[in-house]
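Take a look at the structure set out below.
The values are calculated or read from the model by the stated rules, or taken from the named source; none is laboratory data. What you see is a predicted model; the values in this text were computed from it and never measured. Don't worry about glycine lacking a Cβ; one is built from the backbone with ideal geometry, like all the others, and counts go over all protein chains shown. Heads up: the accessible areas ignore ligands, DNA and RNA and are worked out on the full protein's heavy atoms, side chains in. Shrake-Rupley method; radii C 1.70, N 1.55, O 1.52, S 1.80 Å.
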Amino acid sequence: MKKQRRGLGRGKATRRRFLAEAAGAGVALALPMDLAQAFVQQSSVKGKEKLIVRSLRPEDLETPVSLLNTWLTPNDLFYVRHHSYAPEVNASAGASWTVEVGGLVDKPLKLTLAELKRLPRATVTVTLECAGNGRAFHEPPVAGIQWEKGAVGTARWTGARLADVLRLAGVKAAGKYVLLDGADQPVGKMPDFQRNLPLEKALHPDTIVAYEMNGETLPHLHGFPLRAVAPGWEGAYAVKWLNRITVIDKEHDGFFVKTAYRYPNIRVAPGAAVPPENMVPLTGLVVKSFINSPADGTTFKPGKVRVTGFAWAGEASIRSVEVSLDQGMTWVPARLGREKQRYAWQAFEHEFDIRTPGSYLLMARATDDRGQMQPVAPHWNPSGYLWNVIDRVRININV
Ligand SMILES: Nc1nc2c(c(=O)[nH]1)N[C@H]1C(S)=C(S)[C@@H](COP(=O)(O)O)O[C@H]1N2
Ligand SMILES: [Mo]
């Protein structure tokens, strides 16, 4: 299947087709759109009809960027990513949910959801992004879900502080990592999805176990009734259907810690193999932005063209966003939105006045308060993580 080029002529074919991509295998299934919709109506992804189906089972759903046009992403539009099938958790199973807290603790516990809800409530507004967002743009291609731009969203997460939970159990001095495990079962021989947070991040007051998303009960596909939220870190730390918290003395040796979600600590040539000792765990998200309007390929009359989008930088904040319409020769500062919270994206906008008919490449590049700027060319890496190349959208001006 021909790969979509970043921002250039994102074809209508993608919209009309329904793609189910088997990770790595390169297997693609194409069905006419109405059949795909019929599927969706009856499936576990009901309510998520506006999302792009990257995989139907397990559900991997991407938000079209044109719909990422509000500071908080509505729950129905929020991307979905999981490796195995979502466990069945109905309301009563949710009500009787328990979380086991064990390992290197003074007092192993089994907390009920009701007990968790009696701990002080904490709310954090967090941009959650899958580490593999943008994987489809890497060259040479990289195995895995072929996310384009929309495996990202921002929500207000409410729950209990993980630190408060850990304090109830009492972390022993030897404790160094906190292993998070959810109720989802591995498919076949696949390893179980388990992730660990270094103790320092686990104890940070902004790290929570959330039972609400945007003021609603956590939806099933987002981990009902409980998930972790590690603000500013790549999405895989936000373990869903959380039912086991284990304090351990060294990094977990499971597949999803030792092999997956790792990134080279050296510069590598595109397509090169990286020695395992040079692969280190991903943590915070990098500086990034995208243009949500205009859509690629839009035609305007000469005059005002408003460019909007969002920019974020994980645990850092956005210092500036600049936009260009001359292949990046000159850049002008965009205006940043007023809604601003640590860990959450910030809107940007700029109005160009374009008088001369022709084809224009709009670009947006963000810089964070660490001085990091989005790159012109990608940092290729074996799993295609952290794509953050300067975003671009082509528009036409016609009389
Ligand atoms: N239990 C469990 N939690 C999980 C996953 C999973 O496969 N199982 N996927 C992770 C990944 S890779 C991401 S990017 C986020 C996505 O969260 P969302 O589906 O709520 O958008 O959930 C994380 N939590
Ligand atoms: Mo992810």
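Inside region 138-148, residues that are more than 10 Å from ligand 1 (Cβ to nearest atom) and within 30 Å of Glu339 (Cα to Cα) make up a count of 1.
Within region 206-227, the set of residues being away from ligand 1 (no atom under 12 Å from the Cβ) and either of a type outside the set (S, T, N, Q) or surrounded by fewer than 15 Cβ atoms within 10 Å (Cβ to Cβ) (or both) comprises Asp206, Ile208, Val209, Tyr211, Glu212, Gly215, Glu216, Thr217, Pro225. Taking (1) without any contact (Cβ under 8 Å) to a residue 40 or more places away in the chain; (2) touching a Leu at 6+ places or on another chain (Cβ under 8 Å); (3) away from ligand 2 (no atom under 16 Å from the Cβ) in turn, Val280 satisfies each apart from (2). Do the conditions hold for Pro294, that is, is it surrounded by fewer than 12 Cβ atoms within 10 Å (Cβ to Cβ) and out of contact with any Leu (no Cβ under 6 Å at 6 or more places or on another chain)? No: the conditions fail for Pro294.
Of the residues making up region 188-205, one or more are among the basic types (Lys, Arg), modelled with pLDDT under 95 and open to solvent by 40 Å² or more (accessible area, probe 1.4 Å).
The single residue among Asn133, Asn75 that is open to solvent by less than 10 Å² (accessible area, probe 1.4 Å), polar (S, T, N, Q) and within 16 Å of ligand 1 (Cβ to nearest atom) turns out to be Asn133.
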